[in-house]
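First the structure, in the form of structure tokens, and then the observations on it.
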Amino acid sequence: MALQLVGFKELLHKMKRVSYDAPVATAFGAYEGLQEIIKDAKERAPKDTKMMAMSGYVTPPSVRDGAAVSMEAGFGGGSEDYVVRVHEDLTMPHPNGGEAKFFSNAMDAGRGNLLDTIKKHVTAYLKTGRTTPAKKVVPASPYEDRP
């Protein structure tokens, strides 16, 4: 008795495609979700000059080796030491509004939405076979003009 697998090559092709595209869908979801976190962090940032909030950024995602997703989010634009001090010093006054730990607090508040956004992108990919890039809503670097 012989076993014949029909469509095995097509199945392998689809599996390879999923192994390539699923990380891309994950990256798009993470980028979209992280931009929402940065928008929230900008609202929470100290308002003395608004420069700190304006320096918030998220780099577009990079997918390497088929699965390693990387991107960067932060604040600074040449003033990283000052931003870290303002972020970490719980005793520093913010007379015009804002808060210490503005980025950490936004990350904590947005973690669930971030995971939901990633899930939305991956689920849409699995249903349609297509990835959908996230729109850029915050600068990709602290030196870039607003989108």
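The values are calculated or read from the model by the stated rules, or taken from the named source; none is laboratory data. Since this is a predicted model, take the numbers as computed values, not measurements. Reconstructed Cβ throughout: ideal geometry from the backbone, glycine too, with neighbour counts over all protein chains shown. We work out accessible area using only protein heavy atoms, side chains counted, and drop any ligands, DNA or RNA first. Shrake-Rupley method; radii C 1.70, N 1.55, O 1.52, S 1.80 Å.
Tabulated data for the structure shown
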| read-out | value |
| --- | --- |
| Failed criterion for Val138 (all others in (1) assigned to a loop (DSSP other than H, G, I, E, B); (2) without any contact (Cβ under 8 Å) to a residue 12 or more places away in the chain hold) | (2) |
| Filter result for Phe75 (open to solvent by less than 40 Å² (accessible area, probe 1.4 Å), out of contact with any Phe, Trp or Tyr (no Cβ under 7 Å at 6 or more places or on another chain) and either closer than 30 Å to Met15 by Cα or in contact (Cβ under 8 Å) with a residue 40 or more places away in the chain (or both)) | no |
| Matching helices (runs of 4 or more DSSP H) fully within region 8-103 where at least 1 residues are of a type in the set (Gly, Ala, Ser) and closer than 28 Å to Ala134 by Cα | 8-44, 51-54 |
| Filter result (closer than 28 Å to Met52 by Cβ and out of contact with any strand residue (DSSP E or B) (no Cβ under 7 Å at 6 or more places or on another chain)) within region 117-143 | Thr117, Ile118, Ala134, Lys135, Lys136, Val137, Tyr143 |
| Residue that is nearest to the chain's Cα centre (by Cα) [pool: residues in region 24-42 that are open to solvent by 20 Å² or more (accessible area, probe 1.4 Å) and closer than 22 Å to Gly78 by Cβ] | Leu34 |
| Lone unmet requirement of (1) surrounded by fewer than 15 Cβ atoms within 10 Å (Cβ to Cβ); (2) more than 30 Å from Lys14 (Cα to Cα) for Thr128 | (2) |
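Conditions tested, residue by residue: (1) touching a residue at least 24 places away in the same chain (Cβ under 8 Å); (2) open to solvent by less than 30 Å² (accessible area, probe 1.4 Å).
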position	(1), (2)
Arg44	yes, no
Met52	yes, yes
Val63	yes, no
Ser70	no, no
Val86	yes, yes
His94	yes, no
Glu99	yes, no
Ser104	no, no
Asp108	no, no
